[in-house]
Amino acid sequence: MSAKDKHGPDYPASPPRKAYKQELHDLQVELVKLQKHKPERGRWSLADIPYDTIDPTRIASDPYLFYMLAAASLVEINSDLYTRNLLEYFHSDTDVTNWLVQDWQHEEIQHGAALRRYVNTVWPDFAWDRSCLRFSADYARFCRPELLGPTQTLEFAARCVVETGTASLYTMLSRLSPEPVLTGLLSHIRSDEIRHYRHFYHFFLKYQVRESHGYYAVARTLWHRAREIENEDAYYAFKHVYLERHPERRFYDDAYRIFRKHYVALARQYYPYEMAARMFLKPLGLNPRIKRVTLPLLTAGAKRLYS
Ligand SMILES: [Fe+2]
Ligand SMILES: [Fe+2]
């Protein structure tokens, strides 16, 4: 960490932009596949990540990547808190519970473990375990079963929002990563998150046939869950990374506001707005004509939020 970080955020120069048009094209192809194929399993493990070739000099002085990676690792590794609730909620559908236990939970926790190892390698003075214990205690309050969607169908729509958020976040981080091992790791995680979206969307469509919900009910659910991710997951993860980093300070919302300000500046440059808008809108089942109008509006609206 740089000395400046102790007194406030200071984000270093960003790496050059990549070929967004090609990337966007690839993402669109991936999204088209959503409705055509049953999703497959992921195929990577921590043994595939060359941690011993990490070049800490390319990243260690970047306070914002530290906060983003450490915070993401805390949320991911606590996925078991969510899984228990989801298993209870969907206990009558073994297709869903088998996938949640055998694939989804395993992969989410692996994301946390892989990011934890990266953070521990680049920032060895950060007490990750202690930070995680405190975060888990705080975060567990928000993982109660009664906070799941009002119906099973709507909970699947809400899970699509969560996976849209993570897929977009890791796309952004992989675009701005200045360190090749991190870029590779983030690409693996990003692919998993898109596949998770695909699974939840598949279940959503299946359940819509049984207990169909109209446009407004689905839209309300999508909006609510998007707000919760920002207000709870990101906020509390940042808080506990910050408190571990600065044990001598008290935590005030201003610290998070300053962090968000810099996050927003990065998002303007690297966030995959159009991909996020497409994934967000998909459960609404808009007809192509309305989607043609809505997609640019939502993309522009999201960009304006980040300006
Ligand atoms: Fe994840
Ligand atoms: Fe996921």
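Miscellaneous remarks
- Label-point separation, Arg134 to Gln102 (7 Å along Cα→Cβ), nm: 4.0 nm
- The loop-placed trypsin sites (Lys or Arg not before Pro) in the range 193-292, going by DSSP, that have at most 10 neighbouring Cβ atoms within 10 Å of their Cβ come out as Arg250.
- Length gained when the stretch Asp52-Arg210 is fully extended (0.36 nm per residue, less Cα-Cα span): 51.8 nm
- Model label points for Asp93 and Ala127, set 7 angstrom from Cα along the Cα-to-Cβ axis, are 4.3 nm apart.
- Across the range 74-203, the mean sequence separation of Cα contacts (distance under 8 Å, 6 or more residues apart), normalised by length, yields a relative contact order of 26 percent.
- Mean separation of Cα contacts under 8 Å (6+ apart) over length of the range 139-242, as relative contact order %: 40 percent
- Under the combined filter of DSSP loop state and at most 12 neighbouring Cβ atoms within 10 Å, the range 155-237 retains these GluC sites (Glu not before Pro): Glu211.
- Gain in span if fully extended, Thr294 to Leu147, counting 0.36 nm per residue against the direct Cα distance: 50.0 nm
- Straightening the chain between Asp80 and Ala265 buys 63.4 nm, computed as 0.36 nm per residue apart minus the Cα-Cα spacing.
- Averaging Cα coordinates gives a centre for the range 249-267 and one for the range 108-139; these two points are 20 Å apart.
- For the range 106-216, the gyration tensor built on C-alpha atoms gives an oblate shape. Its axis ratio a/c (a ≥ b ≥ c) is at least 1.5, and a/b is not larger than b/c.
- J(HN,Hα) series, the range 202-211, from Karplus relation 6.51 cos²θ - 1.76 cosθ + 1.60, nearest Hz, glycine and proline x: 4, 5, 4, 4, 4, 6, 4, 5, 7, 10
- Going by neighbour counts of Cβ atoms within 10 Å, the residues Asp253, Asp62, Asp138 line up, fewest first, as Asp253, Asp138, Asp62.
Every number here is computed from the coordinates shown, using simple stated rules; none is lab data. Here the structure is a predicted model, which means the values were calculated and not measured. Note that we place each Cβ from the backbone using ideal geometry, even for glycine, and neighbour counts take in every protein chain shown.
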